[in-house]
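Presented below is the structure to which this report refers.
None of the figures in this text is laboratory data; all of them are computed from the coordinates on show. Just so you know, these numbers come straight off a predicted model, no measurement behind them. For neighbour counting, all protein chains shown are included, and Cβ atoms are generated from backbone atoms with ideal geometry for every residue, glycine included.
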Amino acid sequence: MKSVMKQIIFSSMLLLIIPSSAWIFGWQWQLTHADSNLLKGLFGVTQTAGYSWGILTCILLSACFLRCLRFRLKVALKFLVLLLILMVIGQTVKIIMKNQIKEPRPFLVCLEKKHHIENKNFYSLNIEPRTVLLKRLLKSETNAPTWLKKYWQAETGFSFPSGHSIFAASWALLAVGLLWPLRYYKTVIFLMLWSSGVMISRLLLGMHWPIDIFVSILISSLLSILSCWVVYRWIDPIPLNKKKF
């Protein structure tokens, strides 16, 4: 388990390069004209970790894990319950922290500065009035594509931390802990790249600050270590000499 913990911590440090680089180079999101095709590609990536496509992603990744781990039926059911608990805990932590810290999203901060609106006044409104106000503010914006404006109108909640990043990083780090020892290197690398893509998309779409991503990775790291400990200790030790299909 110590070696698994080290692998997860090392992989977490690799993911932390993304928000850390934004800090080091002084990068800040700006409401300026951007490549619409690039943004649309990033939007596709971000959707795989969102509410609309997240369930499908969970189903596909759960099937992938079960195929690789080759658990017996009873053990597989326990593992699926663990995955569900992991995702629920991650999103619950996100909701609690968002409601306590109440950090506005980057795109909203830019709009507030431009139109001289206090974010406290914005967040004092209910969800529907927020959407109406945001739609009015975005009418005059020509730098953002229409589809992105619609997406922003549906995302009027708080920024810190990133639920998408917690979701993606948890899957990637869980793969590091469970699949890397079984030599499913390509699968783990793919999930790490996908997780990185989700985090980058959240930054470039104006949805999150670097600190949101940074803390989300730390949360995912802790949850993944705990989940791997439960798997190795209580569900199945997963012998390291299992062979791939």
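Brief remarks follow.
- Helix-only CD estimate at 222 nm, as mean residue ellipticity for the chain, using -39500 (n - 2.57) per DSSP H run (n ≥ 4): -24000 deg cm²/dmol
- Karplus-derived 3J(HN,Hα) values for the range 4-16, using 6.51 cos²θ - 1.76 cosθ + 1.60 with θ = phi - 60°, are 5, 4, 5, 5, 5, 5, 5, 5, 5, 5, 5, 5, 5 Hz; glycine and proline are entered as x.
- As a proxy for reagent exposure, Ser3, Ser162, Ser227 were ordered by neighbouring Cβ count within 10 angstrom, fewest first; the result is Ser3, Ser227, Ser162.
- Of the chymotrypsin sites (Phe, Trp or Tyr not before Pro) found in the range 4-45, those in coil by DSSP whose Cβ has at most 11 other Cβ atoms within 10 Å are Phe25.
- Eligible aspartates and glutamates near Lys150 by straight Cα distance, threshold 14 Å, same-chain separation 8 or greater: Glu128, Glu141
- Unsatisfied cross-links (Cα-Cα over 23 Å) in the set Lys40/Lys186; Lys40/Lys149; Lys98/Lys139; Lys94/Lys120: Lys40/Lys186; Lys98/Lys139
- Compared with the dominant principal axis of the Cα atoms in the chain, helix 185-204 is inclined by about 10°.
- What the Cβ-Cβ distance of Ser21 and Lys186 gives, at R0 = 25 Å and to the nearest 0.05, is a FRET efficiency of 0.50.
- If R0 equals 25 Å, the separation of the Cβ atoms of Arg72 and Val230 corresponds to a calculated FRET efficiency of about 0.90.
- Net lengthening on full extension, Ile211/Lys2 (0.36 nm per residue, minus Cα-Cα): 72.4 nm
- Under the shape rule built on the C-alpha gyration tensor, where the axes satisfy a ≥ b ≥ c, the range 106-157 is oblate, since a/c reaches at least 1.5 while a/b does not exceed b/c.
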